[in-house]
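Here the structure is laid out as structure tokens; the discussion comes afterwards.
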Amino acid sequence: MDSDLSLIKCYRRHILTFKKKLDKIDPESSNFQPLLEFQSCLIKQIVRDEKRLKRRKDELVALKRDLRDKNLEKRESRDLKELIKRRKESIAGNKYLLYLWRCFGDGLVFKFISKWNLKRFLYEADSAEIKQKSGYVHGKNGIEQELAILIDAIKNNVPAALCDLTNVIRHGDLCLLGASDPVVIEVKSSKNRNRRVERQLESIRKLHKYLEEDVGDVGGVEGMQRVELYSEERHHGEAFNKALDLSKDRPYAKLSPEKGLYYIALNTEYEKDFDEVFEGIEAPVVYMLNQAKTEQCWGNYYPFVLSIKDPVNLYRFIAGEVYVLVAVSSIVLKDMASDIGYNLEISEFENEGFIFSKSLAGSDEPFRVIVSEHFSGRLGLEFMTLEWFFENEKKLLEDMEKKGMAIMKNA
């Protein structure tokens, strides 16, 4: 088992409890007390694990100092190195636990706010870089004020969440969840202002303005524009959850809800014939969901704590007892692209997913559009249907092609 997951088996009850509490929160209800109770439980758990992490880090510093300063015999040195290794594994495990608890915080926020409206709050306002994580909740200056405002908001029937309890909201301290767009507030325990505070406030203003006007200079892009989806997204969440259920008592489950698309749930307790597992899948593009989860790079995709319906299956996924793959035939992808009039390539470059292209009459250069790795990743991590993906791409590509042709004519 991955060292980052070694502590998970001790927290099975906690994971099941958090999942059940999260599922009971109804964004349509006028009773927001469960929202406050859920966050109270999260805070306590996060603070406990932050304290444990600090102790382990202090122990590691002391052990390294002993290894450096003490005149140890060979056996003593070997034993101390082994102890240092175990402390490092323990620290990695504790860091993963803190990430995991905040995944439940993400689930809370995503219940109220569309993933599309939350996307920008993971990143720096002025660059494409992911914003640095917040520090410890325990001992944080101003945490009492944040809690007081949270309680006051909920008492006044305004759903709200502490940003520090999430992985995805990295701006501000408190997020109001009562509108379609998130409203992020910076809470300060002092009236004093400095450059850092001003930068934080300016970033928040810029993001709010972008959401209000659907256009703005954010993410390091001038004039970035939000556009509506052409139709409501469609997903195969039911098939994905069925694959998890079927994998409980067999080596693997493999379902294909759509031509060229496969959901594979591998039970790690059994030996498997991988030739059999991948039989019939032509030149697959593979999304490894466990890797995205364990490496803490799920980002702002729809949280797995929500997409996995059964609490036991959620625990199995978190603990590495089931390994989930989404495989898409690149042959089918290219055929579906051809059906809407475009060629498709699988990009080998970082941050790029698919490349659509076609020849244009009167132009020496082909029309060419790159679909980001992040958006194409929704096929795997959000179980988006291929059919809907290509319906949406067709509309987007046609609009972009028309605009491109108009620019050429006016050039």
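The values are calculated or read from the model by the stated rules, or taken from the named source; none is laboratory data. Everything numeric here is computed off the predicted structure, so don't read it as measured data. Positions of Cβ are generated from backbone atoms using ideal geometry, with glycine treated the same way; all protein chains shown enter the neighbour counts. These area figures cover heavy atoms from the full protein model, side chains too; ligands, DNA and RNA do not enter into them. Shrake-Rupley method; radii C 1.70, N 1.55, O 1.52, S 1.80 Å.
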Given (1) over 14 Å from the mean Cα position of the chain (by Cα); (2) open to solvent by 30 Å² or more (accessible area, probe 1.4 Å), number of the condition GLN296 does not satisfy: (1)
Exclusive hit being in contact (Cβ under 8 Å) with a residue 24 or more places away in the chain, part of a helix (DSSP H, G or I) and of a type in the set (D, E, K, R), set GLU89, GLU82, GLU76: GLU89
Contacts under 8 angstrom Cβ, first residue in region 354-375 being touching a residue at least 40 places away in the same chain (Cβ under 8 Å) and exposed (fewer than 14 other Cβ atoms within 10 Å of the Cβ), partner aromatic (Phe, Trp, Tyr) and not in a loop (DSSP other than H, G, I, E, B), 6 or more apart: none
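Here is a list: LEU83, LEU108. Which entry is in contact with a strand residue (DSSP E or B) (Cβ under 7 Å, 6 or more places away or on another chain), within 30 Å of ARG12 (Cα to Cα) and not small (Gly, Ala, Ser)? Don't jump to the end; show me each part of the working.
Numbers: LEU83 fails: in contact with a strand residue (DSSP E or B) (Cβ under 7 Å, 6 or more places away or on another chain).
None of the other options fit; the residue is LEU108.
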Qualifying residue in region 314-321 (condition: over 18 Å from the mean Cα position of the chain (by Cα) and open to solvent by less than 80 Å² (accessible area, probe 1.4 Å)): yes
Residues (in contact with a helix residue (DSSP H, G or I) (Cβ under 6 Å, 6 or more places away or on another chain) and assigned to a loop (DSSP other than H, G, I, E, B)) located in region 261-294: GLU282, ALA283
Conditions (1) assigned to a helix (DSSP H, G or I); (2) of a type outside the set (Asp, Glu); (3) open to solvent by less than 10 Å² (accessible area, probe 1.4 Å); number of the one not met by CYS175: (1)
In region 396-411, the residues that are surrounded by 15 or more Cβ atoms within 10 Å (Cβ to Cβ) and either modelled with pLDDT of 90 or more or within 26 Å of GLY299 (Cβ to Cβ) (or both): LEU396, LEU397
ASP399 vs. criteria more than 22 Å from VAL227 (Cα to Cα), free of Cβ contacts under 8 Å to residues at least 60 places away in the same chain and acidic (Asp, Glu): no
Residue count for region 180-204, restricted to those that are in contact with a Phe, Trp or Tyr (Cβ under 9 Å, 6 or more places away or on another chain) and either of a type outside the set (Val, Ile, Thr) or surrounded by fewer than 18 Cβ atoms within 10 Å (Cβ to Cβ) (or both): 1
Condition met for LYS334 (without any contact (Cβ under 8 Å) to a residue 12 or more places away in the chain, among the charged types (D, E, K, R), open to solvent by 10 Å² or more (accessible area, probe 1.4 Å) and within 27 Å of TYR301 (Cα to Cα)): yes
Residues being in a strand (DSSP E or B) and under 15 Å from SER114 (Cβ atoms) - total across region 135-160: 0
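Does ALA239 qualify as being free of Cβ contacts under 8 Å to residues at least 12 places away in the same chain and farther than 23 Å from GLN132 by Cβ?
Numbers: free of Cβ contacts under 8 Å to residues at least 12 places away in the same chain: no; farther than 23 Å from GLN132 by Cβ: yes.
Criteria not met by ALA239.
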Residue match in region 110-132 (condition: out of contact with any Phe, Trp or Tyr (no Cβ under 9 Å at 6 or more places or on another chain), at negative phi, without any contact (Cβ under 8 Å) to a residue 60 or more places away in the chain and not in a helix (DSSP H, G or I)): yes
Among (1) free of Cβ contacts under 8 Å to residues at least 60 places away in the same chain; (2) open to solvent by less than 80 Å² (accessible area, probe 1.4 Å); (3) under 28 Å from THR385 (Cα atoms); (4) part of a loop (DSSP other than H, G, I, E, B) - the single one ILE169 does not satisfy: (1)
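LEU22: touching a helix residue (DSSP H, G or I) at 6+ places or on another chain (Cβ under 6 Å) and modelled with pLDDT under 95, yes or no? Step through it out loud before you land on a result.
Numbers: touching a helix residue (DSSP H, G or I) at 6+ places or on another chain (Cβ under 6 Å): yes; modelled with pLDDT under 95: no.
Judged against the criteria, LEU22 is not a match.
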Enumeration of residues in region 133-146 that are open to solvent by less than 60 Å² (accessible area, probe 1.4 Å), in contact (Cβ under 8 Å) with a residue 40 or more places away in the chain, closer than 17 Å to LEU42 by Cβ and not acidic (Asp, Glu): VAL137
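In region 1-56, which residue that is in a loop (DSSP other than H, G, I, E, B) and acidic (Asp, Glu) is surrounded by the fewest Cβ atoms within 10 Å (Cβ to Cβ)? Please lay out each step first, then the result.
Step one: filter region 1-56 for residues in a loop (DSSP other than H, G, I, E, B), giving 1-2, 6-7, 25-32.
After this cut, where a residue has to be acidic (Asp, Glu) as well, the list is 2, 26, 28.
Details: ASP2: 16, ASP26: 12, GLU28: 5.
If we take residues in region 1-56 being in a loop (DSSP other than H, G, I, E, B) and acidic (Asp, Glu), then GLU28 is surrounded by the fewest Cβ atoms within 10 Å (Cβ to Cβ).
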Candidate set: region 205-260, residues that are part of a loop (DSSP other than H, G, I, E, B) and at pLDDT 95 or above; chosen: the one least open to solvent (accessible area, probe 1.4 Å): GLY260
